[in-house]
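Colleague: Please read through the structure below; I'll follow up with questions.
The values are calculated or read from the model by the stated rules, or taken from the named source; none is laboratory data. Owing to the predicted nature of the structure, the values given are computational and were not obtained by experimental measurement. Virtual Cβ from ideal backbone geometry, glycine too; neighbours counted across all protein chains shown. The protein model used for the area step is the full one, side chains on, heavy atoms only, and it has no ligands, DNA or RNA in it. Shrake-Rupley method; radii C 1.70, N 1.55, O 1.52, S 1.80 Å.
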Amino acid sequence: MRLSTFLARFSYVWATQGLLVQSVQGHHQDARPVSESSTDDGSGASQIPARSGLLHPRQGFDARAAAKAAIDALNTKFYSSTEAIWSPGAPWWLSGVALTSVIDYMRKTGSRDYLAQVEHMIHVQRTQWSNTGGDFRGPSTDDTGWWALAMIRMYDLTGNDSYLDISVEDEAYMYDCWTLSPCGGGMFVDIATKTYKNAIANELYIKLAASLHNRIANGIDYLARAETAWTWFQASGMIKNDSLINDGLTASSDGVCYNNNLPVWTYNQGVIIGALVELYQATASEAYLTNAYTIADAVLSSQTTPQLTRDGILTEGACEPDEANGCNHDQQVFKGVFAYNLDELSNAIPDGSANPYRSYLQQNAQSAYTHARAEATDLYDVSWVGPFRNSTIGKQASAVGLLVAAI
């Protein structure tokens, strides 16, 4: 499908409340939900619950200023300068996600406000997991993938080949976990036990391999690896009939695999969108963009189960009993990952063309800023329609990802 055909499929109207209305149709998920009954903005002041209704766009909203304030709050509340990581003790990969968004802020704005901090953080964190050689080669392929993609971003920011070299090491480490059996291909997420082939590990690998092809002229045929992985992923059964992606696969005794019907998470939709954009940049094949559009459209639609967009605002619909009370520390960051990958798809749309994804990101950023933020501290809660009750590294990193994507 050509881009003009895709854009012709969209018909949007602005509701009286100012919302964009669309007329078209992990490995980490097992941690316990976090209790969040208290309301704490980090300042000691109580917060007035925000209205959870529809968004009234604010003309004065400045995504760049909001993103910087959110990063500053992320550092003030959660960063440990002694350990060079946000929220020591929290899942390690969350800092890899936050790092990616902080680097993206600098890439987008030209600021270097956080460069020294980022460089120090990389210097310290690359020494973790020394038993595997360090350089972010962790105990799972998905943890490795998050940090490897952050190094891709750091290379794009600085042009320093040493960051690209780390990503090359990480790709080889992940690729060693690709096997033909079970499932006819795919990458295990759990390196030691090799029991589970899930969506996120394979999505991160596809994006990493395609990203390396787009930045390294010669050497390993990363494009062939990325395309092979995508072909397998597309046929694996993880993509449902509604174009949304489940958590992973279950293998039968004879090695045949099928969709395990575990939850549909927003980050699984986001990372594969970013991977398909990298494949499009590598090949100029519009088939990759068409697949990315289809997945993005399914998220933006209100017709899926679980419902990932409600009244124009992204929600983690698989959290039980609801997003505000059921998302654990891992799941709280998922939407921010979707947002910065959707931004990559938005940026792949030619200048001058209609861009529904840009409008979607901007309205979500305005809603989060208006309803999910503690004004005194610029900390954010998980639900982008509010109210604000408290914040965690996952919630704040998710908001930073969204706000940077909206710049």
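Conditions tested, residue by residue: (1) more than 21 Å from Asn246 (Cβ to Cβ); (2) of a type in the set (A, V, I, L, M, F, W, C).
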| position | (1), (2) |
| --- | --- |
| Gly274 | no, no |
| Glu286 | yes, no |
| Ala292 | no, yes |
| Asn355 | yes, no |
| Ser359 | yes, no |
| Ala374 | yes, yes |
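Colleague: Given the conditions (1) open to solvent by less than 10 Å² (accessible area, probe 1.4 Å); (2) out of contact with any Pro (no Cβ under 7 Å at 6 or more places or on another chain); (3) within 27 Å of Gly386 (Cα to Cα), report the number of the one that Met238 does not fulfil.
Modeller: In the conditions (1) open to solvent by less than 10 Å² (accessible area, probe 1.4 Å); (2) out of contact with any Pro (no Cβ under 7 Å at 6 or more places or on another chain); (3) within 27 Å of Gly386 (Cα to Cα), Met238 misses (3) alone.
Colleague: Please go through segment 294-311 and give me each residue that is of a type in the set (Asp, Glu) and within 22 Å of Asn246 (Cα to Cα), ordered by number. Outline the logic, then answer.
Modeller: To start, the set of residues in segment 294-311 that are of a type in the set (Asp, Glu) comprises 297, 311.
The one that is of a type in the set (Asp, Glu) and within 22 Å of Asn246 (Cα to Cα): Asp297.
Colleague: What is the residue count in segment 253-278 for residues that are part of a helix (DSSP H, G or I), aliphatic (A, V, I, L, M) and closer than 23 Å to Gly326 by Cα?
Modeller: Of the residues in segment 253-278, the ones part of a helix (DSSP H, G or I) are 266-278.
From what is left, the residues that are aliphatic (A, V, I, L, M) are 271-273, 275-277.
Narrowing the set further to residues that are closer than 23 Å to Gly326 by Cα leaves 271.
Going through segment 253-278 one residue at a time, the tally reaches 1.
Colleague: Moving to a separate point now. Tell me which residues, restricted to segment 63-104, are outside any helix (DSSP H, G or I) and open to solvent by less than 10 Å² (accessible area, probe 1.4 Å).
Modeller: First, the residues of segment 63-104 that are outside any helix (DSSP H, G or I): 79-91.
Answer for segment 63-104, where residues must be outside any helix (DSSP H, G or I) and open to solvent by less than 10 Å² (accessible area, probe 1.4 Å): Ala84, Trp86.
Colleague: Also: Of all residues in segment 105-118, which are in a helix (DSSP H, G or I) and surrounded by 13 or more Cβ atoms within 10 Å (Cβ to Cβ)? Before the answer, list the steps.
Modeller: Residues of segment 105-118 that are in a helix (DSSP H, G or I), as a first pass: 105-109, 115-118.
Listed by number, the residues that qualify are Tyr105, Met106, Arg107, Lys108, Thr109, Leu115, Gln117, Val118.
Colleague: If you don't mind, there's one more thing I want to ask. Name, by its number, the condition in (1) touching a strand residue (DSSP E or B) at 6+ places or on another chain (Cβ under 9 Å); (2) under 30 Å from Glu278 (Cα atoms); (3) at pLDDT 95 or above; (4) open to solvent by 10 Å² or more (accessible area, probe 1.4 Å) that does not hold for Gln366.
Modeller: (1)
Colleague: Also, I was wondering about something else. Return yes or no: is Ala324 over 27 Å from Leu276 (Cβ atoms), hydrophobic (A, V, I, L, M, F, W, C) and part of a helix (DSSP H, G or I)?
Modeller: yes
Colleague: With respect to Ile152, determine if the residue is part of a loop (DSSP other than H, G, I, E, B) and open to solvent by less than 60 Å² (accessible area, probe 1.4 Å).
Modeller: On the way: part of a loop (DSSP other than H, G, I, E, B): no; open to solvent by less than 60 Å² (accessible area, probe 1.4 Å): yes.
Judged against the criteria, Ile152 is not a match.
Colleague: For a quick check of your reading of the model, give me the residue pairs whose first member lies in segment 186-204 and is farther than 23 Å from Asn131 by Cα and of a type in the set (A, V, I, L, M, F, W, C), whose second is part of a loop (DSSP other than H, G, I, E, B) and open to solvent by 30 Å² or more (accessible area, probe 1.4 Å), with beta-carbon atoms closer than 8 Å and at least 6 apart or on different chains.
Modeller: Listed pairs, sorted by first residue: Ile200/His27.
Colleague: Tell me the residue from Thr228, Thr250 that is assigned to a helix (DSSP H, G or I), modelled with pLDDT of 95 or more and over 20 Å from the mean Cα position of the chain (by Cα), please. Before the answer, list the steps.
Modeller: Working: Thr250 fails: assigned to a helix (DSSP H, G or I).
The conditions single out Thr228.
Colleague: Next question. Quick one: what pairs do we get from segment 69-91, first residue more than 17 Å from Ala372 (Cα to Cα) and of a type in the set (Val, Ile, Thr), second open to solvent by 20 Å² or more (accessible area, probe 1.4 Å) and modelled with pLDDT of 95 or more, C-beta under 8 Å, 6+ apart or different chains?
Modeller: Correct list of pairs: Thr76/Thr377; Ile85/Tyr79; Ile85/Trp92; Ile85/Val124.
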